[in-house]
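Novice: I'd like to ask you about the structure that follows.
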Amino acid sequence: MSTSQLSRFCFRKSMLATSLLAALYQTSAFAADSGTHPTASNDAQQDMAEEMLVTAPAPVLKAGSSHSLSAQDLQNKGANDFGSIMRYEPLISATGASGGSGNGKSGFDRGGYTGYNIRGLESNRVGIDVDGIPQPDATGRSYASRAGLNTFGIGRDYIDPYMYGSVEIQSGATPTDQANASIGGNVSFQPKSADDYLRQGKETYFGYQSDYDSSDRSWHNGVTGAAGDETLRGIFVYSRRDGQQTRNNSGTIGAYPANWHSDALLASGIWQPNDAHKLTGTVDFYHKANHTHYDAWNSAGSAIIGKAEQTSQTRRWGASLKDEWTPMNDWLDSASTKIYYQHTEAHDRTYMPDSTTLAMETVYSNYDTDTWGIQNTLAKTLGRHDLSAGFNASTSKTQRPFEQSPVPSIFSEIMQPEADSRGYTLGAFAQDQINFDADGHLFAIIPGVRVIHQSMKPDNLSSLTTNSSVLDEADVATLYSKNADTQWLPSLTLQYDLTPSLMTYLQYKRGAQFPNASQLYGSWNLGSSYAGSAQYALIGNSELKTETSDNLEWGMKGDVAEGVTLRTALFYNSYKNFIAYTRYRRADNPDKFVNVPSNIYTSYQAENRDKAFIYGGEISAKFNFGTWFEQVDGLSATLAYGYTEGKSKSRYMGDKYIDLDSVAPMKAIVGVAWDDPAKRYGTALTATFVKGKRATATSRESYLNSGSAIANSSTEYMRVPGYGLLDWTAYWRVAKHVRINGGVYNITDRKYWDYLNSRTQEESTNQDAYEKALAVMPGRSWQLGVNVDF
């Protein structure tokens, strides 16, 4: 049946206003509820579902590859850390290094997760935020010279999954209205809120969760309490975890011992004096301590020279204040303004043998950041136009203290990996969704643009000259200076509602990734002078350009038919100005050494060296068989599949497009589940299949840049074999307020490696054999937990 433009626009205006109040800003917990809260009892869920049927609007379909994981989704899949959150995502994985491994890390670098890989881009090219507050970049490994390219010393894991009500995932370049712009996507952790648990007639909530995971023998205990009314309400969340090293399944060399614990706290209060204003204040804290020891190797990787003992401390605390104003007048429908502060610390203390003298030394490697910011978003509907605009601003201070004790010899000196720095970012966006009635179907054209300006400058440059007899602050100041750039990022989306619950879209987005402190000011060996004309160093580059991308995507999402939910996309992305390192010799390239200290004869300098492209597709679908056959109400199946290909090429003479090693192999997830219609019990069996792949090595990092064509690399990496895994999970509500849940993972005890974490594994030295064994993923493991909620 056709709908007139006038009535459709009136409906859309009402729907937008309701969505802004209920979905985007969670304005009132006492109007409508989704009925999917992670710890609510069954009868409470039924009450909330009934309320939703009366007042909640139909779901708003939005173009783009974005989706959300609820707290219940995370618990159902056994997600208890930074990596397992993405357990069943087809084109998303967590990257990192095994504890004690030297593959992708140095003797004093911590193991663990460094970031996320989305559609072939990873780590700092993928944004991570907590309630909109960006998390620090992973630190580069300048002290590893060119071997440290695309590896990281300190990662981005400041997360305890229990603290969050949902995880919002955006694949591809971030959308126009996203303040934290990245070319690879964004993962946003949304803290729990009192509005998730309270509603009209229920003014208190208490929940307790306890879990055990056999893979690292970890215990988790979490408490959530909420109370309040329509005007004033709040929530308190506490989580404690204690565990050991994650067991591998190598059968030869077990994971190195570790003992860790973490504490996380969240307190949030909401004051809503009337329907137009809602003020939310939030403070949160996270701390994790890890103690481990592992083998230390000589530089040739042929022999173990001793033991290294490491203590790592990770801390993050933040505070924010958000005002949500919904005047719904002739000028403005809604406005959201948020101010925030965040401090992070990553401190590693490693007692280890010196690789040259074999004497024991202590290495202190620290990374501290402070960030202040403001974000604002405005929305207004005028006729067929859904207008939105906003601005954001932030300033940050980064410090990278580094010290060796006792003071090492000139052959063992490791300079501070990067200069301290200060920077600021300014951004603004405008977007217009122009709606049309196309014979009863909604068609929209959505032009938008975001402008971003980033400026960064080095600070405390004298810290880079510590223990050097040939380098002073003036030398470093000549080399490192301010970097600033402005990028305009247009976007255009065409979307069409095939049905009220199914849409298709075609989308173009421009993306940008500004250079970070490690790339601009990362240094190694700059103050050394022990090798004469063979002296070399790794040098950052203050003149780096911004990496950019052009992203084209077609997709479809929504309900294909009753009982069938679909999310699919095909994409092609091209990239320019990828940052990597280029080798120069003073004799061949004197123009590159104008500002380089005279003691350096060979440099590995950060440059905008490569261009690349990535294309692929993904599909996720769920089938609820009970929709068609009443006898199997509760039976469902899921299917997810992801495929990507990508290649890059440098500007070097004679170079060609070579496979991007950061592009993961094909992956498929197939599952079948049974959920009792009353949600008293349920079970699921999920299979994951990953194709094998060997990364292609290049000689770009060793290219002499002396006028001859680049040669093919003779290095061959390990072929990471394909694998299949089978997981079983189940839950049972044994009483009104008590639920038991658990699972068995890798039921067949399959021995396998993760491609993204083992792709550059070689197999030539004794150390390589150890690294290969350490990188084997966990074998069969199980989890068991209980939830109590009132």
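Novice: Looking at residue 94, is it among the aliphatic types (A, V, I, L, M), assigned to a strand (DSSP E or B) and modelled with pLDDT of 85 or more?
Specialist: yes
Novice: Tell me which residues, restricted to region 194-229, are surrounded by fewer than 17 Cβ atoms within 10 Å (Cβ to Cβ) and in a loop (DSSP other than H, G, I, E, B).
Specialist: The answer is 200, 201, 203, 214, 217, 229.
Novice: Being of a type in the set (Phe, Trp, Tyr), assigned to a loop (DSSP other than H, G, I, E, B) and touching a Ser or Thr at 6+ places or on another chain (Cβ under 7 Å): is that true of residue 652 here?
Specialist: Criteria not met by residue 652.
Novice: State which residue is farthest from residue 467 (Cα to Cα) when the search covers only region 531-550 and only residues that are out of contact with any Ser or Thr (no Cβ under 8 Å at 6 or more places or on another chain) and either of a type in the set (Val, Ile, Thr) or part of a loop (DSSP other than H, G, I, E, B) (or both).
Specialist: The extreme case among them is 548.
Novice: Kindly list, by first and then second residue, each pair from a residue in region 537-551 that is of a type in the set (A, V, I, L, M) to a residue that is modelled with pLDDT of 95 or more and part of a loop (DSSP other than H, G, I, E, B), limited to pairs with Cβ atoms under 7 Å and residues at least 6 apart or on different chains.
Specialist: That search, which allows pairs on different chains as well, returns 544/515.
Novice: Output yes when any residue across region 461-484 is assigned to a strand (DSSP E or B) and over 30 Å from residue 411 (Cα atoms), and no when none is.
Specialist: Within region 461-484, one or more residues are assigned to a strand (DSSP E or B) and over 30 Å from residue 411 (Cα atoms).
Novice: Given the criteria small (Gly, Ala, Ser) and assigned to a strand (DSSP E or B), does residue 528 qualify?
Specialist: Taking the combined requirement at face value, the residue does not satisfy it.
Novice: Take residue 284 and decide whether it is touching a residue at least 24 places away in the same chain (Cβ under 8 Å), more than 28 Å from residue 381 (Cβ to Cβ), acidic (Asp, Glu) and touching a Pro at 6+ places or on another chain (Cβ under 7 Å).
Specialist: For residue 284, the condition - touching a residue at least 24 places away in the same chain (Cβ under 8 Å), more than 28 Å from residue 381 (Cβ to Cβ), acidic (Asp, Glu) and touching a Pro at 6+ places or on another chain (Cβ under 7 Å) - is met.
Novice: Return a yes/no flag: does region 692-715 have any residue that is within 30 Å of residue 592 (Cβ to Cβ) and in contact with a helix residue (DSSP H, G or I) (Cβ under 6 Å, 6 or more places away or on another chain).
Specialist: yes
Novice: Mind telling me which of the residues 730, 735, 775 ends up being out of contact with any strand residue (DSSP E or B) (no Cβ under 8 Å at 6 or more places or on another chain) and hydrophobic (A, V, I, L, M, F, W, C)?
Specialist: Among 730, 735, 775, only 735 is out of contact with any strand residue (DSSP E or B) (no Cβ under 8 Å at 6 or more places or on another chain) and hydrophobic (A, V, I, L, M, F, W, C).
Novice: Quick check: is even one residue across region 603-614 closer than 28 Å to residue 65 by Cβ and not in a strand (DSSP E or B)?
Specialist: Within region 603-614 (the criterion being closer than 28 Å to residue 65 by Cβ and not in a strand (DSSP E or B)), the answer is no, since none of the residues qualifies.
Novice: Could you grab me the full set of residues in region 362-420 that are out of contact with any Asp or Glu (no Cβ under 6 Å at 6 or more places or on another chain) and aliphatic (A, V, I, L, M)?
Specialist: Matches in region 362-420: 363, 374, 378, 382, 389, 393, 407, 410, 414, 415, 419.
Novice: Also, quick follow-up: Within region 128-147, can one find any residue that is in a loop (DSSP other than H, G, I, E, B), surrounded by 23 or more Cβ atoms within 10 Å (Cβ to Cβ), at pLDDT below 95 and at positive phi?
Specialist: No, that holds for no residue.
Novice: Turning to a different aspect of this structure: Of the conditions (1) under 24 Å from residue 316 (Cα atoms); (2) β-branched (Val, Ile, Thr); (3) more than 25 Å from the chain's Cα centre (by Cα), residue 237 satisfies every one except a single condition; which number is it?
Specialist: Result: residue 237 fails condition (3) only.
Novice: Considering only region 249-295, state which residues are over 24 Å from residue 80 (Cβ atoms), among the hydroxyl-bearing types (Ser, Thr, Tyr) and part of a strand (DSSP E or B).
Specialist: Matches in region 249-295: 280 only.
Novice: Let me ask you something else. Can you tell me which residue is farthest from residue 606 (Cα to Cα) among those in region 658-680 that are aliphatic (A, V, I, L, M) and in contact (Cβ under 8 Å) with a residue 40 or more places away in the chain?
Specialist: The selected residue is 678.
Novice: State which residue is surrounded by the fewest Cβ atoms within 10 Å (Cβ to Cβ) when the search covers only region 509-556 and only residues that are of a type in the set (Asp, Glu) and under 24 Å from the mean Cα position of the chain (by Cα).
Specialist: Ranking the candidates gives 550 first.
Novice: Just the residues that are surrounded by fewer than 22 Cβ atoms within 10 Å (Cβ to Cβ), under 26 Å from residue 257 (Cα atoms) and among the hydrophobic types (A, V, I, L, M, F, W, C), please, taken from region 66-117.
Specialist: 79, 86, listed by residue number.
Novice: Right, here's the next one. Report yes if some residue within region 406-414 is touching a residue at least 24 places away in the same chain (Cβ under 8 Å), under 31 Å from the mean Cα position of the chain (by Cα) and part of a strand (DSSP E or B); otherwise report no.
Specialist: Scanning region 406-414, I find no residue that is touching a residue at least 24 places away in the same chain (Cβ under 8 Å), under 31 Å from the mean Cα position of the chain (by Cα) and part of a strand (DSSP E or B), so the answer is no.
Novice: Further question: Quick one: which residue in 698, 644, 683 is surrounded by 20 or more Cβ atoms within 10 Å (Cβ to Cβ) and without any contact (Cβ under 8 Å) to a residue 60 or more places away in the chain?
Specialist: Criteria check complete, one pass: 698.
Novice: Also, quick follow-up: Of the residues 454, 495, 487, which single one is modelled with pLDDT of 95 or more, among the polar types (S, T, N, Q) and surrounded by fewer than 20 Cβ atoms within 10 Å (Cβ to Cβ)?
Specialist: So the residue among 454, 495, 487 that is modelled with pLDDT of 95 or more, among the polar types (S, T, N, Q) and surrounded by fewer than 20 Cβ atoms within 10 Å (Cβ to Cβ) is 487.
Novice: Considering each residue of region 485-525, count those that are part of a strand (DSSP E or B) and closer than 30 Å to residue 439 by Cβ, and give that number.
Specialist: The total comes to 18.
Novice: Being under 18 Å from residue 515 (Cα atoms) and either among the basic types (Lys, Arg) or outside any strand (DSSP E or B) (or both) is the filter here; which residues of region 97-127 pass it?
Specialist: Across region 97-127, the qualifying residues are 123, 124, 125, 126.
Novice: Filtering region 711-739 down to residues that are at pLDDT 95 or above and among the β-branched types (Val, Ile, Thr), which residue is farthest from the chain's Cα centre (by Cα)?
Specialist: Filtering region 711-739 for residues that are at pLDDT 95 or above and among the β-branched types (Val, Ile, Thr), the one farthest from the chain's Cα centre (by Cα) comes out as 734.
Novice: While we're looking at this one, here's another question. Whether any residue in region 344-357 is among the acidic types (Asp, Glu), crowded, with 21+ Cβ neighbours inside 10 Å, over 27 Å from residue 288 (Cα atoms) and touching a residue at least 12 places away in the same chain (Cβ under 8 Å) is what I want to check.
Specialist: Scanning region 344-357 turns up no residue that is among the acidic types (Asp, Glu), crowded, with 21+ Cβ neighbours inside 10 Å, over 27 Å from residue 288 (Cα atoms) and touching a residue at least 12 places away in the same chain (Cβ under 8 Å).
Novice: I need every pair where a residue in region 422-434 that is among the hydrophobic types (A, V, I, L, M, F, W, C) has its Cβ under 7 Å from the Cβ of a residue that is surrounded by fewer than 21 Cβ atoms within 10 Å (Cβ to Cβ) and not in a strand (DSSP E or B), sequence separation at least 6 or different chains.
Specialist: Close Cβ pairs satisfying both conditions: 429/177; 434/384.
Novice: Somewhere in region 290-303, is a residue within 19 Å of residue 365 (Cβ to Cβ), touching a strand residue (DSSP E or B) at 6+ places or on another chain (Cβ under 7 Å) and among the aromatic types (Phe, Trp, Tyr)?
Specialist: yes
Novice: Select from region 740-789 the residues that are at pLDDT 95 or above, of a type in the set (Ser, Thr, Tyr) and assigned to a loop (DSSP other than H, G, I, E, B) and write down the one among them that is surrounded by the most Cβ atoms within 10 Å (Cβ to Cβ).
Specialist: It comes out as 752.
Novice: Return a yes/no flag: does region 473-492 have any residue that is under 30 Å from residue 171 (Cα atoms), in contact with a helix residue (DSSP H, G or I) (Cβ under 8 Å, 6 or more places away or on another chain) and of a type in the set (S, T, N, Q).
Specialist: Yes, there is a match, as at least one residue in region 473-492 is under 30 Å from residue 171 (Cα atoms), in contact with a helix residue (DSSP H, G or I) (Cβ under 8 Å, 6 or more places away or on another chain) and of a type in the set (S, T, N, Q).
The values are calculated or read from the model by the stated rules, or taken from the named source; none is laboratory data. These numbers were taken from a predicted model, which means no experiment stands behind them. When we count neighbours, we look across all protein chains shown, and the Cβ atoms used for this are built from the backbone with ideal geometry, even at glycine.
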